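Taking it in order: structure first as structure tokens, then the write-up.
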Amino acid sequence: MFGECHAHIIMDGVNYRHAVDMQKNGPDDKIIREHLEAYQKRGITFVRDGGDGLGVSRRAKELAPEYGIDYRTPVFAIHKEGYYGAIVGKSFDTMGKFHRRVLEAKAQGADFIKIMTTGILDFNNHGSITGMSLEEDEVREMVHIAHEEGMKVMSHTNGVYGVRAALKAGVDSLEHGNYMDGETLEMLAESSTVWVPTLVTVINLLGSERYEDAALFPIIRSASENVRKAFQMGIHVAAGSDAGAYRVYHGQGIQDEIHAFEEILGCSDKVYTWLKEGEENIKKKFHS
């Protein structure tokens, strides 16, 4: 059984705003336990969270051993003020403030640091990313600060510019990584960074009527082609579904993600070994 290398236990796969509202007065153990049970029932014993600003993933880490789950979390993600990321964490406006956020996460028991360097996919404009991307020198300094504090870095990043900046900075894992081109894939292949594509965040939107399927198909084709290239190039890849995102349910999400890899690459021992190696790489890197 594969572990879940990218989840957000604060989310429920149905309604983000409602899910957050349920936790605003403090982490709700009943809800957290329901999500942990969903993993336990499917034999999933490893979960890496992407963080939140309300202490929910931190509480999940405390409860997870009761369910036989090795739970890793950054506690909260860190984003630049005015840029994408408030949905999962806390902000900074200067590098001094970023450093303080890193120390704050460490003090709260973070296993690693999560940074947000770009926005998300613009479903109305194929190939584009919403909002602004951080400058290359900013990303480099953020990663440097985290590494100096002995922390690995998980990076939410999309688009060619964003991914290249993250790779040059030496991030330890690349989350999403949509719209990479050939040169960027070559950079990824030459690095030790693990790519977590989160394929089903888009695939599971098909038929939802939230977006036109015609807008989703090009994104899915692009991601599928990059996964095929990554497999051929020996790029480090791990399976994570972004569980908690819309129509990506805890426990089921990683099963959907593995199915997506099977649809793209086929069902073979070589594919499963490749993904297991990526997961083991994640486990080795992202621990306190």
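Placing 270, 168, 114, 276 in order of accessible area, with the largest value first and a 1.4 Å probe, yields 270, 168, 276, 114. With the helix formula -39500 (n - 2.57) applied to DSSP H stretches of n ≥ 4, the chain reaches a computed 222 nm mean residue ellipticity of -13500 deg cm²/dmol.
Take every DSSP beta bridge whose two residues both sit in the chain; close to 5 percent of them are antiparallel.
Projecting the Cα positions of 43, 82, 55 onto the charge dipole of the range 37-86 (unit charges on Cβ atoms of Lys, Arg, Asp and Glu, taken about the Cα centre) puts 43 furthest along the positive direction. Grab the beta carbon distance between residue 34 and residue 95, set R0 = 41 Å, and tell me the FRET efficiency rounded to 0.05. Here the calculated transfer efficiency is 0.55. Shape verdict for the range 213-288, please, from the Cα gyration tensor: rounded (a/c under 1.5), prolate (a/b greater than b/c) or oblate. The shape class here is oblate. Annotation: residue 201 carries an accessible surface of approximately 30 Å², with a 1.4 Å probe and no ligand, DNA or RNA atoms counted. Within the accessible surface of the chain, defined with a 1.4 Å probe on protein heavy atoms only, the carbon and sulfur portion equals 47 percent.
Net charge in the neighbourhood of residue 284 (other residues with Cβ under 13 Å of its Cβ; Lys, Arg +1, Asp, Glu -1) is 0.
Applying a threshold of 30 Å to the alpha-carbon distances of 80/283; 80/270; 24/276; 168/284; 80/229; 24/284 flags 80/270; 24/276; 80/229; 24/284 as lying beyond it. Segment residue 272..residue 149, full-extension length gain: 40.9 nm, with 0.36 nm per residue of separation and the alpha-carbon distance subtracted.
Note on the range 1-52 and the range 69-137: Cα centroid distance 19 Å, given to the nearest whole angstrom. Of the three principal axes defined by the Cα atoms of the chain, the extents in descending order read 44, 42, 36 Å.
The values are calculated or read from the model by the stated rules, or taken from the named source; none is laboratory data. Keep in mind that this is a model prediction, so the values were computed, not measured. Reconstructed Cβ throughout: ideal geometry from the backbone, glycine too, with neighbour counts over all protein chains shown. Ligands, DNA and RNA are excluded from the accessible area calculation, which covers all protein heavy atoms including side chains. Shrake-Rupley method; radii C 1.70, N 1.55, O 1.52, S 1.80 Å.
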